[in-house]
Structure formats: structure tokens, C-alpha cells
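Notes for the one structure printed next.
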Amino acid sequence: MARHFKYVTLGGGVAAGYAAREFAKQGVNPGELAIISKEPVAPYERPALSKGYLFPQNAARLPGFHTCVGNGGERLLPEWYSEKGIELILSTEIVKADLASKTLTSASGETFTYETLLIATGSSVIKLTDFGVQGAESNNILYLRDIADADKLVAAMKAKKDGKAVIVGGGYIGLELSAALKVNNFDVTMVYPEPWCMPRLFTAGIAHFYEGYYTNKGIKIVKGTVAVGFDADANGDVTKVKLKNGSVLDADIVIVGVGGRPLTGLFKGQLDEEKGGLKTDAFFETSVAGVYAIGDVATFPLKLYNEQRRVEHVDHARKSAEQAVRAIKAKESGESVAEYDYLPYFYSRSFDVAWQFYGDNVGDDVLFGDNDPASAKPKFGSYWVKDGKVVGVFLEGGSAEENQAIARVARAQPPVADVQVLKEEGIEFAAKI
Ligand code: FDA
Ligand code: NAD
């Protein structure tokens, strides 16, 4: 017998937690909303896994970082959900979604029906075993997406204390995890194929700082090559990483961060897709009425740039969830909400450095400030100028006011008469907007 709910959120991550809070704000009756998640815990702030969770001392642990503490909000403990009559259906993987009959089926054969569905399944990691890399199934070759992965990593760090770590990938996971392993006293080497780290956002000038900073911290960086194989000992534990350039690195732990894939497979052929995600309107409703997609899986209209985009960052996961729930509730009462008008916001931090980025990294980049990795107090940034207007801003080491200023600039898109003046003014330009 199927269990029926008015609203079902499929997935129990960041977007699910913020959607639940918004449902509670807007008014939801006990028994109306269920969150179905394959994870065994209530929604939490996923970014903590690559940061506080890995601290050598006073590491973050649940229940400390359940949503919605990420931007200073209320922490929704499991009790909060039961008080509100919101069902947390945990450790339950949905393996079939039939949108025509509005039915979800779990791995153990339970069925759930709904009137409105919010798809919040997030992303899965791309694995080296997906490409058949030799030896990639060895022990201690690790990935990081959820608490179970983070616990495996913490156990491996304990078992291989003060050992050698090789980090494969030079993106977000690569940069945050190599720092985390270094702070845990590992001998760290990063390997990535591109000429500089985080090429999907960083310019050569930005990367120059972080690569120098990491090198000064004792992290070795091997660029322009990839891992093509691994050796393991008699226990199956990884011992060596073989690179395409012919060199071989010793390793007790390997962490792989070579990107993610949005989890849309359950809906193949049932929903329109675009740019790898589920296509939505400005209210996150998909091509099927009453079915919404939020967070990493949604390809939505980014009004500011007049194009469909998918965004894999926490700020959008939170805001898209709130927008979808407001739109659902407004529709029920015959009202409407404004279209989603998102300003892209990404951030990262490691060691003593922290950056923020707002807007779009297209057009010509204009580096400003002091990006010398050896500086005592590094502070620099980059503007992106397109069609004579500033469209994106990156800032390392900004104060709260300066970070607010760069957000205002990216939103306002002020004209730039002379890029040389912009370069010289640096953050002062943003402070004036
Ligand atoms: P999220 O991945 O949070 O949740 C998806 C949920 O759905 C999971 O609980 C999953 O188990 C569940 N699920 C999937 N398929 C299912 C199925 N078939 N049945 C049942 N449940 C299913 N961003 C940022 O801006 N700043 C940062 O510092 C970081 N840091 C960071 C660190 C790490 C380690 C990761 C992995 C990611 C980040 N991010 C980030 C990215 C950010 O966390 C991400 O964009 C959001 O978590 C996306 O939220 P969603 O709710 O869409 O997916
Ligand atoms: P990513 O897309 O940021 O980086 C992937 C990197 O993999 C590329 O930059 C490249 O260097 C590398 N790469 C690709 N193929 C490779 C290969 N064969 N060998 C070696 N390197 C290879 O993805 P990620 O770092 O894996 O992050 C996964 C997800 O988690 C993303 O959605 C990301 O947004 C999210 N995340 C975000 C943050 C943040 O916003 N601060 C932090 C952690 C994770």
C-alpha cells in the first residue's frame, strides 16, 4: 500500500532542508510533507564536509551543522521535523519515479505517492572506475560527497596518520581537500591536467596566488597530467599513483575530485532536460506540472544573463528551494511570486585564505591588488568586463563590507570607461557603487 503525501521532496540535502523551512514558514499541516533521502541523517550543510568536518581538533559533527545554520538560520534537528509533522524518510533510496502515476518506488519496494514533487537529488561524484582507470578500486582511493564518504576519509586519515596523500583534481574538492590533508600533517601532492587550478573560475593571475600559497605551505603540485593507474599492497591498500607523464607518486591515501554529475537518471524521458539538468521555469517547475527541480539538478532561467544555467553551489540550492516552495504555495492560493532573479555567488576557504565571487566570469579579466603568494596579508581580486560593463568580481581576503560591495557591483554592472583606472582603483571602485 503506497504512502501518500501532498508534497514529497526527493533527496535530503541542502535544498531539501531549506525547502522544509520554507514550507513551515508558509504553513504546512502535519502529515502533508515528506522528505525521502538515501542518507541516514536529516538535511545538513554539505559544505562543512570539506572544511570543519576534517579539522584535526574540534571537528564539526552532526547535529552541529544541520540546515539551516549555513547562513545563520535556525538549526533544524530531527525533532524540529517531528514537531512540524514533516516526515523524514531516511536511508531510503528511490529507484523508480513514475511521474504519470505520481509514484516513487524505493530499493526495498515501498511506494510513495504525491500531489507535488520537489526533485532535490543533487549530484554524484564522477569516479575513476567510471573510466576503467587501472587499480582505481583499491582501498583508500576516496571521494567526498556525503557524510559516509567523510567518515571513510576520517578513518583513513587515522589509519594512515602522517602519511602521504595524493589529491587528483584541481577544482573545489582538490583545493579544499589538499589543504585539509596538509593541516592534518599529511605529505600532500596535487595532480591535475590543466595549466592552472580551478580553470572554470580562476584566471592565470588568480591561480598564481593559490598555487604559490599552497606551495609555500609545502603542498607539491603536478600540473598537465592525469592519474592512469594505481598499485596496491597485499591488503589491497593503494601504495602508488601512476601518472600519464610517466612519473609515479607514493600514496597512502588518494582523494579524487574530478567533478560531479547531476542525479537526473530517474526522470530520463519523462522531463525535458537542458545543459545536463532538468529544465525548469523561473519558479523551478519542470516540463511536467506539479513537478519541481531545485538545487544542483535544475537548469533554470538566469534572468540577469538571459540564459538557462545549472549552478552547483550551496547559495543557489538554498534560494531555489525557497523560491519553489513560495511559488507552490502562491499557486495554491491563486497568487503569484516574482520570477527567480539570481546573482551567482560562489566561495571557498582553506588555510587562512578565503575568497568570494559574484556574477559572471566572462569577457576580459582585470586583476587588481597584491596577489603575491608570499605577502603577509594577501588581498587581491579580479573584475570581468564585458561590453564595457563589469559583470563579475572575485575577491580574496575581503572584509564583510567589501564582499557586499562586490556583490552590488556584479548586480549593478556599472560601465567602465578605462580598464587601467579600474585596475588601479581595485576594490575602491566597488566600494563606490
Ligand atoms: P545535495 O547533494 O545537497 O542533496 C541531495 C540529496 O539527495 C542527498 O541527500 C542524496 O543522498 C539524496 N538523493 C539523491 N538521489 C536519491 C535517490 N534516488 N533517493 C533518495 N535520495 C537521493 N558549495 C558552495 O557554494 N560552497 C562550498 O563551500 C561548498 N562545499 C562543498 C563541499 C562538498 C564536500 C560538496 C560535496 C559540495 C560542496 N558545495 C559547496 C556544493 C553544495 O554542497 C551543493 O551545490 C549543494 O549541496 C546542492 O544541494 P542539493 O540539495 O541540490 O543536493
Ligand atoms: P570541479 O568541477 O570543481 O573540478 C573538477 C576538476 O577535476 C577540474 O578542474 C580538473 O582539474 C580535474 N580533472 C578532470 N578530470 C581529471 C582527471 N582525469 N584527472 C585529474 N584531474 C581531473 O569538481 P569537484 O572539485 O570534484 O567538485 C565536485 C562538486 O562539489 C562540484 O559540484 C562543486 O561545485 C562542489 N564543491 C563546491 C565547493 C565550493 O563551492 N566551495 C567545494 C567543494 C565541492
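Read-outs: derived from the displayed coordinates by stated rules, not from any lab. Being a predicted model, the structure only gives us computed values, none of them experimental. Please note: Cβ atoms are built from the backbone with ideal geometry, for glycine as well, and neighbour counts cover all protein chains shown.
Things worth noting here:
- Principal axis analysis of the Cα atoms in region 258-399 yields extents of 55, 33, 26 Å, listed in decreasing size.
- Gain on full stretching of the segment that runs from Ala330 to Glu274 - 0.36 nm per residue minus C-alpha separation: 17.5 nm
- When the Gaussian network model of the chain links Cα atoms closer than 10 Å, the mean-square fluctuations of Ala148, Ala327, Ala282 top out at Ala148.
- With all pairs of separate Cα atoms included, the chain yields a Kirkwood hydrodynamic radius of 23.1 Å.
- Antiparallel DSSP beta bridges within the chain, percent to nearest 5: 60 percent
- Scattering profile of region 354-394 at q = 0.14, 0.15, 0.28, 0.32 Å⁻¹ [log10 I(q)/I(0), Debye over alpha-carbon scatterers]: -0.33, -0.38, -0.90, -1.04
- Among beta bridges that DSSP assigns inside region 128-258, antiparallel share in %, nearest 5: 30 percent
- DSSP bridge analysis restricted to region 34-113 gives an antiparallel fraction near 75%, rounded to the nearest 5.
- Ala431-Arg411 FRET efficiency (beta carbon distance; Förster radius 22 Å; 0.05 resolution): 0.90
- You can think of it this way: the chain between Ala289 and Phe55 has 79.8 nm of extra reach, that is 0.36 nm per residue less the Cα-Cα gap.
- The alpha-carbon of Lys303 sits under 29 angstrom from the alpha-carbons of these lysines, leaving out residues fewer than 8 places away in its chain: Lys25, Lys268, Lys275, Lys279, Lys319, Lys329, Lys331, Lys386, Lys389, Lys423, Lys432.
- Within the chain, helix-based [θ] at 222 nm, where runs of 4 or more DSSP H residues each add -39,500 (n - 2.57), nearest 500: -7000 deg cm²/dmol
- Label-to-label distance, nm, for residues given as Val154 and Ala232 (7 Å Cα→Cβ offset): 2.5 nm
- Sequence-separation-based contact order of the chain, relative, with Cα cut under 8 Å and 6+ spacing, percent: 14 percent
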